[in-house]
Every structure is written in structure tokens, then in C-alpha cells.
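Asks: Here it is, the structure in full.
The values are calculated or read from the model by the stated rules, or taken from the named source; none is laboratory data. All figures in this text were calculated on a predicted structure; none of them were measured in a lab. Heads up, the Cβs are rebuilt from the backbone with ideal geometry, glycines too, and the neighbour counts pull from every protein chain shown.
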Amino acid sequence: MGNVKTDDFWAVFNSAPDAYLLLAPDPPHFTMVAANDARLRVTMTRREDVEGRPLFEVFPDNPDDPEASGVRNLLASLNQVLRTRKSHRMPLQKYDIRTPDGKFEERYWDTLNTPVFDDEDNLIYIIHRVEDVTNRVETERMLAQESAARARYRLLTDMIPQLVWTTDANGYHRYFSRRWHEFTGTTLDDAEGSGWMNYLHPDDRDRMLTRWQHSLDTGEPYSIEYRVRGADGKYRWFLGQAVPLRNEAGEIIEWFGTLTDIEDRKRLERERDQLLESVTDAFFAVDGDWRLTYTNQEAIRLLKRSRDEIIGRKLWDVFAHASDTIFQHEYERAVKEQKAVQFEAFAPVSGIWVDVRAYPNGTGLSVFFHDITKRKQAEQRLRESEEQFRTLGNTIPQLAWMADSTGSIFWYNDRWLDYTGCTLREMAGWGWRKVHHPEHVDRVVKKIRHSFETGEPWEDTFPLRGKDGEYRWFLSRALPIRDANGDIVTWFGTNTDITEELDARNEAERRREELEQVTESRTRLMRGFTHDVKNPLGAADGYAQLLEDGILGDLSEKQLESVHRIRKSLQTSLHLINELLELARAEAGQIEVERESVDVAELARESAEDFRAQANASDLEFEIDITTSLPAVTDPTRVRQILSNLLSNAVKYTPAGRIRVTADHRRKEPQSNENCIAISVDDTGPGIPPDKREVIFQEFSRLDPEAEQGAGIGLAISRRIARILGGDITVESEMNQGSSFTLWLPAAS
Ligand code: ADP
């Protein structure tokens, strides 16, 4: 300093841009010897406040900052300079400054303490130079904070499942999250700027870029679905969303975007779409705002609109003429009551009849429908023909009704309503059950249900209650009427009153039972009677025979003649009683036959021979013309009994002429090829009138009731027995010429 004048020195000191303070080496005071202008300025002090005063009295620590370390660190630095006699530069130090109004201001300082020596090397001063670095520190701290924030932000973007990108205010992509790079297999160089566009699906690119440009132009956020190509070359669906970040002035400083992987959801949607496409019904869905959210291909076809025309739009805007129709009413009801609805209606939009089913789905509605125009037309046609049925149904004498395919009755003819005294309303559906008898109704319902379910024709018999409260019986039938496809459309049923027939049948049954009882008791009576009569008559005949044979002594001619007549009368009576007994047996079904192999020719010859004497006694020619043998399996006693009846009749009723007996194989009817044995007894008697030829076979029938011979039972019994033997008796006759009775028997096979 030797060359510089003292005044000059102070001038230089004062004008130096850095802040200097000259301190005395008098610890712990470090009295401030001098301060330059710059120093006074940065510490907001006046020269008289500092010069000559201890350093720390004027510059104490900020009492409000418990962490303040300024005094301690500066003292340590100054002491170090005294000890080491070397300069010491303090690390950046926070040292708050008291302002003139007494408050402390936050300050940071870069401090250098330098010793000053005299010629004898004595340390005479310490130069304390400070630089106010408060601004610099502040900036650095902000920068540090910012970089920490950015690091956190990156960390965050790397951690969330979404892919993240950011752009500058102009939309220049300058950051992609680690996940973005991992998915696309790219580096920042590949994707930066507009490089990312190469990874969009070509079909989605234009749509996506238009939307992005729109956001850049308007600052509107966007949310859009598009596909991005992964490192494996496969595209996945993402929900892309972007929002602008703005500064305090509201200017966009950055765009922040995310991509959320929605591939799984899209796949489910695709599967759902495929499913909905595969249902043959048309389908559409609306959300809670009645906006169409989905339609399948069939719906597009039937609604005659393109998907773009309807998706996202309100149902009643798209189909204005359906508003305030059954469609709107039913859909609203489904949503309001939260239950499925079903209806059929004509859809003017499509010009077809549709069957509609709508199901509420949370907030909106799912609607399925299909074309039923053909069925409706068929129904319509069925209704020109249903009308015919109705007319027809009213002309028939039966009760009649019609039911739909499920068996629900919708029409009764007038006769039905009149008979039951009920109205259609009461009887409709299954209402008819109330006119059924409680004991029958369950059975009837079960059976008719079976028919309705299977389509089998129905038939049943049951009582129905009339309006007078009386039940009458009806035979009931129903048939299904089918359409061209074979599907049942209507059941047509009738109920026929069979009460009288049933009564008649019951009456006949009652009579039959009665008759059986009568016959039974008659048979019993007859058997008792014949027994009681036959035995005394037999005894009487026995005694008469004793007289006749002279065992009781010789009789005169006249006496013998009387005994002879007594015996004849007794035998006639016995014969009659035997016949009556046989008839009683026959009527009671008690005639027993015992079959054996016999030659009927032989039988017939023997039977005929028994009558030769009798015929001759009556002056009748008697001829037996039997040559062949006629084997049969039959009851010989019964055959003989029948032939005796025929032969005795022939002898009885033929006053003159001839009796001829023949037997051979013959066909009973010319067409029949059944070979029978026929034994005929021909006479030359009075003949039998045509109208009597069957009558004579009935019990107690005689052509001449006055005639003394016979009771009119013989032929009746004979025919019965012949039939039991598998044969019959027939008669041919010519008045005044004669009769021919033939016994038919089955020939041995
Ligand atoms: P019965 O001879 O005991 O009266 P039948 O039943 O044998 O009873 O015959 C019924 C009736 O048929 C006779 O009463 C008779 O009038 C008539 N009849 C039967 N055989 C002959 C015959 N060969 N020629 C004419 N009439 C006959």
C-alpha cells in the first residue's frame, strides 16, 4: 500500500463492488474497523452503526430461526484465521440480516476471511468479504426441488399400470414412460415428436390423429379407443386419454396422456358381439337415456337403418313414429317396473309384425325381437276359417268349443253357453272346470292336458252341470287343427249328450240281469216241478204196465184197451216233461255235450230205422238213402236226439206220402268252401209258410196251436243243441208239397 496514498486507498475500498468489512483481531469482539459502501448497502446498515462496534453485536443471529448458525460459524472461521494466519472461505452460509425496522430477512452468503499483516508480520486486521448469494441459492434450491419433483413424477409414471406420455405446449411428444417403451419395444428416439404415430393401428390412425389435433386446437381433453402395436407385432386395444397442464396464466404448458390397456374388455365385447350376432333374434340395447348402445346385424336388417345412423342416438329420435305406441309404453313399463315384457305388434318402420321381448338391464333395456309376419298372416287366415268354424259350430247339435294351441278356450258355441247358463267370460281359458263334477274334474283336466301337450286327439266321457243344476253325461272329443308347418293353431272340441244312450244302455243291462234271474228261477222251478211230476207219472206207468202184462191177473179186452190208452197218455206226458226239462237246461246253459269220433252216417241210419215201423203204421213210405260214411267228432246221443225230433215231426205232420232220410257231405252255402255233414229229413207234408220258417224254431211255437201233438219245444231245443255242436238246423219247404229239415254238423277235419 506504500505507493498508494491513504486517501486514494479509502476511495478504492469504498467503491469496490464487493462488500468488505475490516475487522480488528480482538476476539471475541472482532471490532469492525471499517466497512465499504457495498457492505453497508447489502447489510442495510449505516457507517456509524458499524464502525468501532463489535461485529456480533450488530449482526446477531435471527432469533426466530432456531437453526440459525451464522454467528457460530463465522466466529469459528475468524478464530481459524487468527490461529492459522491463512484465509478461510466459509461454505455458503445462511445468515439473516436485520432490516432497519427490526425484522430479519433471509440471506445466504459466500464469505472469505483474509488476514492482513504489517511489515513485522504481525496480523493487524482481518478482511471479511461477503457476497450476497441469496438469489443464487434460491434458484438452486428451486432447481433441486424441480428435479426431485420430476424424478418422483417419472417414478410415478413408471409405476402406474398405464402407459404415459407428455408433450410440450405444441404437442411435441418428448417423454414416454418406461412402460410405453417396454410395450412398443422402442427408444425415445423412435417415438419422439411424431414417431409414436407409426405404432398406431392403420385403421385407427386417422381417427386418432383427428381427435388429437382437435384437442391441440381447442385445449379439450380427449378419451378415445385405439390399437397400438406391441413389440411382439400384435396390436392391443387401449383407452387413450389426454389432459392439458396449464400455468397460472391459464396457458397450456404441457399435455399429459395415458394409455389404459382395454384389450380384455374389448375381447369380451367382441365375444358378446359374436354371441349377439349369432342369436337369430334381432337385438338392440339402450342405455338409461334411451340412447342406442348396441344392435346386432339382424336388427340392422329389420330396422332398415345403418349402425352409424342409430348408435348413440335416442331411440325415440331415430324411430319417431314409434313414440307413444305400444312399443314406447311397453319399454317404459319394463324399465319402470324393472321386469321383462313381451308383446306382439306391427312395426311400421319395418312393415312387419314382430314378437318383442324386452329385459331391463340395470339402467337400460335389452330388446330382442323377430319377424312373425307369416304367423300373423296365417292367424289372420285362420280367423276367415275360425269364423266358419264358429258358424258351423253353432249349427251342430253338440256343444262345441275352440281353444288356442295351449288349450286355453276362447270360444264356445251358443249351445254350450245355453246349456251351462254361463258367459264366455266365465268359461274362457280354463274356466270350464267349474261346470264339471267335482269327482271327475281332476281326471278330465289331467287327460285333456296330456292331449294339449302332445297334440294327441282327445276323447273322454264325463258329466257336465247344466244351468238347472242337473248333470248330464257327454261324450267329448277334440282334434287339433294345424297350420302348414304342422304346428297346432287351434283345438276344435265337441261334447255330445249321451245321457239317454247311457240310460238306455243301463236299462238294457238291468233288464238282462232281471231276465237272467227270471230264467234262473224258472229253471229251478221247472226242475223241481218235472221231478215232482215225472216220478209219480213214471210210477203210474209202471203199474199200468203190470196190468197190461197181465201180471195182476187177466184183463178183459175192454180193460186192456183202457190200460193201453192210459199208458199212451202217460208216455206223452212224460215226453213233454222231458222236453220241458231239456229246455230249462238249455236256457240255463246247462246242456252238456261229450264229443267222440263217430260215423254220422251210421248214426243217422240207426236213428231213421227206429221210425220205420211208426211211419209204416201211418201208411207212409219210408226211405233211407245213406251210402257214404261221414266221420265226425261229435256227441252221438245228442245227434240222435235231434234226428229223433226231426223224424218224429215228419211222421207226425205228414198225413200221407213219403219220408226220406239222406246224409252226405255238403256246402252249407254255395260260396262257402266249408265242407259240412248234412242229414236231411224230407217229407211230403203240408209245408211251412215262409214267414213261419224261423218262428217254428222258437220255444212254444206251433203252426197249429189246436193240434194235440207236441208243445212246440222240440225244434227249439234241437237247434240249440245243433249250434252247441258247431252246426245248425235249417228248413226248406214248399206249401202243400212238403218240408225238408237239415241238420248240419262239422265234418271231421
Ligand atoms: P211240436 O212238434 O212239439 O209242436 P216242434 O218244435 O217240434 O214242436 O215243432 C214246432 C211246430 O213246427 C210244430 O207244431 C208244427 O206246427 C211245425 N212243424 C214241425 N215239423 C213239421 C213238419 N215236418 N211239417 C210241417 N210242420 C212241421
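Asks: Just checking, how many residues over region 356-413 are under 20 Å from Ala345 (Cβ atoms) and assigned to a helix (DSSP H, G or I)?
Replies: Here the count works out to 11.
Asks: Hey, another quick one. Of the conditions (1) surrounded by fewer than 20 Cβ atoms within 10 Å (Cβ to Cβ); (2) in contact (Cβ under 8 Å) with a residue 24 or more places away in the chain, Pro670 fails just one. Which one is it?
Replies: Pro670 satisfies all of (1) surrounded by fewer than 20 Cβ atoms within 10 Å (Cβ to Cβ); (2) in contact (Cβ under 8 Å) with a residue 24 or more places away in the chain except (2).
Asks: Restricting to region 706-749, name every residue that is free of Cβ contacts under 8 Å to residues at least 12 places away in the same chain and of a type in the set (Lys, Arg).
Replies: Arg723
Asks: Moving on. Give the residue that is surrounded by the most Cβ atoms within 10 Å (Cβ to Cβ), with candidates limited to residues of region 650-667 that are in contact with a strand residue (DSSP E or B) (Cβ under 6 Å, 6 or more places away or on another chain) and under 24 Å from Val598 (Cα atoms).
Replies: Residues of region 650-667 that are in contact with a strand residue (DSSP E or B) (Cβ under 6 Å, 6 or more places away or on another chain), as a first pass: 650, 654, 658-663, 665-666.
Then keep just the ones that are under 24 Å from Val598 (Cα atoms); that gives 660-663, 665-666.
On the way: Arg660: 19, Val661: 24, Thr662: 19, Ala663: 28, His665: 11, Arg666: 15.
So, considering only residues that are in contact with a strand residue (DSSP E or B) (Cβ under 6 Å, 6 or more places away or on another chain) and under 24 Å from Val598 (Cα atoms), the one surrounded by the most Cβ atoms within 10 Å (Cβ to Cβ) is Ala663.
Asks: Moving to a separate point now. So which of Asp487, Asp532 ends up being closer than 29 Å to Trp430 by Cβ, acidic (Asp, Glu) and at pLDDT below 90? Can you show your working first?
Replies: Working: Asp532 fails: closer than 29 Å to Trp430 by Cβ.
On inspection, the qualifying residue turns out to be Asp487.
Asks: Now a separate question. For Ile659, indicate whether it is among the aliphatic types (A, V, I, L, M), within 20 Å of Met735 (Cβ to Cβ) and within 12 Å of the ligand (Cβ to nearest atom). Outline the logic, then answer.
Replies: On the way: among the aliphatic types (A, V, I, L, M): yes; within 20 Å of Met735 (Cβ to Cβ): yes; within 12 Å of the ligand (Cβ to nearest atom): yes.
Yes: the conditions hold for Ile659.
Asks: Going through Glu516, Glu500, Glu561 one at a time, which residue ends up being surrounded by 10 or more Cβ atoms within 10 Å (Cβ to Cβ) and either in contact with a Phe, Trp or Tyr (Cβ under 6 Å, 6 or more places away or on another chain) or within 30 Å of Gly429 (Cα to Cα) (or both)? Break it down into steps so the answer makes sense when it comes.
Replies: Numbers: Glu516 fails: either in contact with a Phe, Trp or Tyr (Cβ under 6 Å, 6 or more places away or on another chain) or within 30 Å of Gly429 (Cα to Cα) (or both); Glu561 fails: either in contact with a Phe, Trp or Tyr (Cβ under 6 Å, 6 or more places away or on another chain) or within 30 Å of Gly429 (Cα to Cα) (or both).
Only one candidate passes the filter, namely Glu500.
Asks: Here is a further query. Filter region 442-467 for residues that are of a type in the set (Val, Ile, Thr), farther than 18 Å from Thr499 by Cα and in contact with a helix residue (DSSP H, G or I) (Cβ under 9 Å, 6 or more places away or on another chain) and give the result. Give the steps one after another, and end with the answer.
Replies: Of region 442-467, the ones of a type in the set (Val, Ile, Thr) are 444-445, 448, 454, 461.
Now restrict to residues that are farther than 18 Å from Thr499 by Cα: 445, 448, 454.
Of everything in region 442-467, just one residue is of a type in the set (Val, Ile, Thr), farther than 18 Å from Thr499 by Cα and in contact with a helix residue (DSSP H, G or I) (Cβ under 9 Å, 6 or more places away or on another chain), namely Val445.
Asks: Which of (1) surrounded by fewer than 16 Cβ atoms within 10 Å (Cβ to Cβ); (2) over 28 Å from Arg465 (Cβ atoms); (3) not acidic (Asp, Glu) does Gly429 not meet, given it meets every other one?
Replies: Exception for Gly429: condition (2).
Asks: To continue, here is another question. I need the full set of residues from region 413-430 which are more than 23 Å from Glu501 (Cβ to Cβ) and touching a residue at least 12 places away in the same chain (Cβ under 8 Å), in order please. It would help to see each step written out before you state the result.
Replies: Taking region 413-430 and keeping what is more than 23 Å from Glu501 (Cβ to Cβ), we get 414, 417, 421-430.
Asp414, Gly421, Cys422, Leu424, Met427, Ala428, Gly429, Trp430, listed by residue number.
Asks: Name the one entry in Phe611, Phe622 that is touching a strand residue (DSSP E or B) at 6+ places or on another chain (Cβ under 6 Å) and among the aromatic types (Phe, Trp, Tyr).
Replies: Numbers: Phe611 fails: touching a strand residue (DSSP E or B) at 6+ places or on another chain (Cβ under 6 Å).
Selected residue: Phe622, the only one of Phe611, Phe622 that is touching a strand residue (DSSP E or B) at 6+ places or on another chain (Cβ under 6 Å) and among the aromatic types (Phe, Trp, Tyr).
Asks: If I filter region 629-636 for residues that are of a type outside the set (Ser, Thr, Tyr) and in a loop (DSSP other than H, G, I, E, B), do I get at least one hit?
Replies: Restricting attention to region 629-636, the residues satisfying the condition of being of a type outside the set (Ser, Thr, Tyr) are 630-633, 635-636.
Checking which are in a loop (DSSP other than H, G, I, E, B) leaves us with 630, 635.
Yes - at least one qualifying residue is present in region 629-636.
Asks: Restricting attention to region 628-655, report how many residues are near the ligand (Cβ under 8 Å from one of its atoms) and of a type in the set (A, V, I, L, M, F, W, C).
Replies: Qualifying residue count, region 628-655: 2.
Asks: What are the residues in region 29-61 that are assigned to a loop (DSSP other than H, G, I, E, B), touching a residue at least 24 places away in the same chain (Cβ under 8 Å) and not acidic (Asp, Glu), if any?
Replies: To start, the set of residues in region 29-61 that are assigned to a loop (DSSP other than H, G, I, E, B) comprises 29-30, 36, 43-46, 51-53, 59-61.
If we keep only those that are touching a residue at least 24 places away in the same chain (Cβ under 8 Å) too, we end up with 29-30, 43-44, 59-61.
Residues satisfying the conditions are His29, Phe30, Thr43, Met44, Phe59, Pro60.
Asks: Next question. Is there a residue in region 13-28 that is surrounded by 12 or more Cβ atoms within 10 Å (Cβ to Cβ), in contact with a Pro (Cβ under 7 Å, 6 or more places away or on another chain) and assigned to a loop (DSSP other than H, G, I, E, B)?
Replies: The answer is no, given that none of the residues of region 13-28 is surrounded by 12 or more Cβ atoms within 10 Å (Cβ to Cβ), in contact with a Pro (Cβ under 7 Å, 6 or more places away or on another chain) and assigned to a loop (DSSP other than H, G, I, E, B).
Asks: Between a residue in region 242-267 that is without any contact (Cβ under 8 Å) to a residue 40 or more places away in the chain and any residue that is among the aliphatic types (A, V, I, L, M) and surrounded by 16 or more Cβ atoms within 10 Å (Cβ to Cβ), which pairs come within a Cβ distance under 6 Å, given they are 6 or more apart or on different chains?
Replies: Final answer for the pair search is Pro244/Ile252; Arg246/Ile252; Ile262/Leu239.
Asks: State which residue is nearest to Arg39 (Cα to Cα) when the search covers only region 84-122 and only residues that are exposed (fewer than 10 other Cβ atoms within 10 Å of the Cβ) and of a type outside the set (S, T, N, Q). Let's see the steps before the verdict.
Replies: Narrowing region 84-122 to residues exposed (fewer than 10 other Cβ atoms within 10 Å of the Cβ): 91, 100-102, 118-122.
Narrowing further to those that are of a type outside the set (S, T, N, Q): 91, 100-102, 118-121.
Working: Pro91: 19, Pro100: 15, Asp101: 19, Gly102: 18, Asp118: 24, Asp119: 28, Glu120: 29, Asp121: 27 Å.
Restricting to residues being exposed (fewer than 10 other Cβ atoms within 10 Å of the Cβ) and of a type outside the set (S, T, N, Q), the top hit is Pro100.
Asks: Taking region 683-740, which residues are surrounded by fewer than 17 Cβ atoms within 10 Å (Cβ to Cβ), among the small types (Gly, Ala, Ser) and more than 8 Å from the ligand (Cβ to nearest atom)?
Replies: The one that is surrounded by fewer than 17 Cβ atoms within 10 Å (Cβ to Cβ), among the small types (Gly, Ala, Ser) and more than 8 Å from the ligand (Cβ to nearest atom): Gly726.
Asks: Further question on the same structure: Only one of Val4, Val50 is surrounded by fewer than 14 Cβ atoms within 10 Å (Cβ to Cβ), modelled with pLDDT under 95 and at negative phi; which? Give the steps one after another, and end with the answer.
Replies: Values: Val50 fails: surrounded by fewer than 14 Cβ atoms within 10 Å (Cβ to Cβ).
Result: Val4 is the single residue among Val4, Val50 that is surrounded by fewer than 14 Cβ atoms within 10 Å (Cβ to Cβ), modelled with pLDDT under 95 and at negative phi.
Asks: From (1) surrounded by 15 or more Cβ atoms within 10 Å (Cβ to Cβ); (2) touching a strand residue (DSSP E or B) at 6+ places or on another chain (Cβ under 7 Å); (3) not hydrophobic (A, V, I, L, M, F, W, C), pick out the condition that doesn't hold for Asn675.
Replies: Going through the list (1) surrounded by 15 or more Cβ atoms within 10 Å (Cβ to Cβ); (2) touching a strand residue (DSSP E or B) at 6+ places or on another chain (Cβ under 7 Å); (3) not hydrophobic (A, V, I, L, M, F, W, C), Asn675 breaks only (1).
Asks: When Ile591 is evaluated against the numbered criteria (1) modelled with pLDDT of 95 or more; (2) closer than 27 Å to Thr530 by Cα, which criterion, by number, is the only one it fails?
Replies: Ile591 satisfies every listed condition except (1).
Asks: Scan region 363-380 and tell me whether some residue there is free of Cβ contacts under 8 Å to residues at least 24 places away in the same chain and over 20 Å from Ala282 (Cβ atoms).
Replies: yes
Asks: Sticking with this structure for a sec: Could you tell me which numbered condition Thr111 fails, if it satisfies all but one of (1) out of contact with any Asp or Glu (no Cβ under 9 Å at 6 or more places or on another chain); (2) of a type in the set (Ser, Thr, Tyr); (3) in a strand (DSSP E or B)?
Replies: (1)
Asks: Might you let me know whether region 478-487 holds any residue that is among the charged types (D, E, K, R), surrounded by fewer than 16 Cβ atoms within 10 Å (Cβ to Cβ) and outside any strand (DSSP E or B)?
Replies: There is at least one residue in region 478-487 that is among the charged types (D, E, K, R), surrounded by fewer than 16 Cβ atoms within 10 Å (Cβ to Cβ) and outside any strand (DSSP E or B).
Asks: Against the conditions (1) of a type in the set (S, T, N, Q); (2) touching a strand residue (DSSP E or B) at 6+ places or on another chain (Cβ under 7 Å); (3) in a helix (DSSP H, G or I), where does Asn79 fall short? Just the number, please.
Replies: All conditions are met except number (2).
Asks: Which one of Val116, Val71 is touching a Pro at 6+ places or on another chain (Cβ under 8 Å) and under 17 Å from Leu55 (Cβ atoms)?
Replies: Numbers: Val116 fails: touching a Pro at 6+ places or on another chain (Cβ under 8 Å).
Result of the check over Val116, Val71: Val71.
Asks: Here's a follow-up. What pairs come out if I take residues in region 78-104 that are at positive phi and pair them with residues that are at pLDDT 90 or above and surrounded by 17 or more Cβ atoms within 10 Å (Cβ to Cβ) whose C-beta lies under 8 Å away, six or more apart or interchain?
Replies: From residues that are at positive phi, the pairs are Arg85/Pro115.
Asks: Next up: Would you confirm whether any residue within region 543-565 is over 60 Å from the mean Cα position of the chain (by Cα), aromatic (Phe, Trp, Tyr), part of a helix (DSSP H, G or I) and under 21 Å from Ala711 (Cβ atoms)?
Replies: First pass over region 543-565, keeping only residues over 60 Å from the mean Cα position of the chain (by Cα): 543-565.
Now restrict to residues that are aromatic (Phe, Trp, Tyr): 543.
Add one more test, that the residue is part of a helix (DSSP H, G or I), and what stays is 543.
Filter again for under 21 Å from Ala711 (Cβ atoms), leaving none.
Among the residues of region 543-565, not one is over 60 Å from the mean Cα position of the chain (by Cα), aromatic (Phe, Trp, Tyr), part of a helix (DSSP H, G or I) and under 21 Å from Ala711 (Cβ atoms), which makes the answer no.
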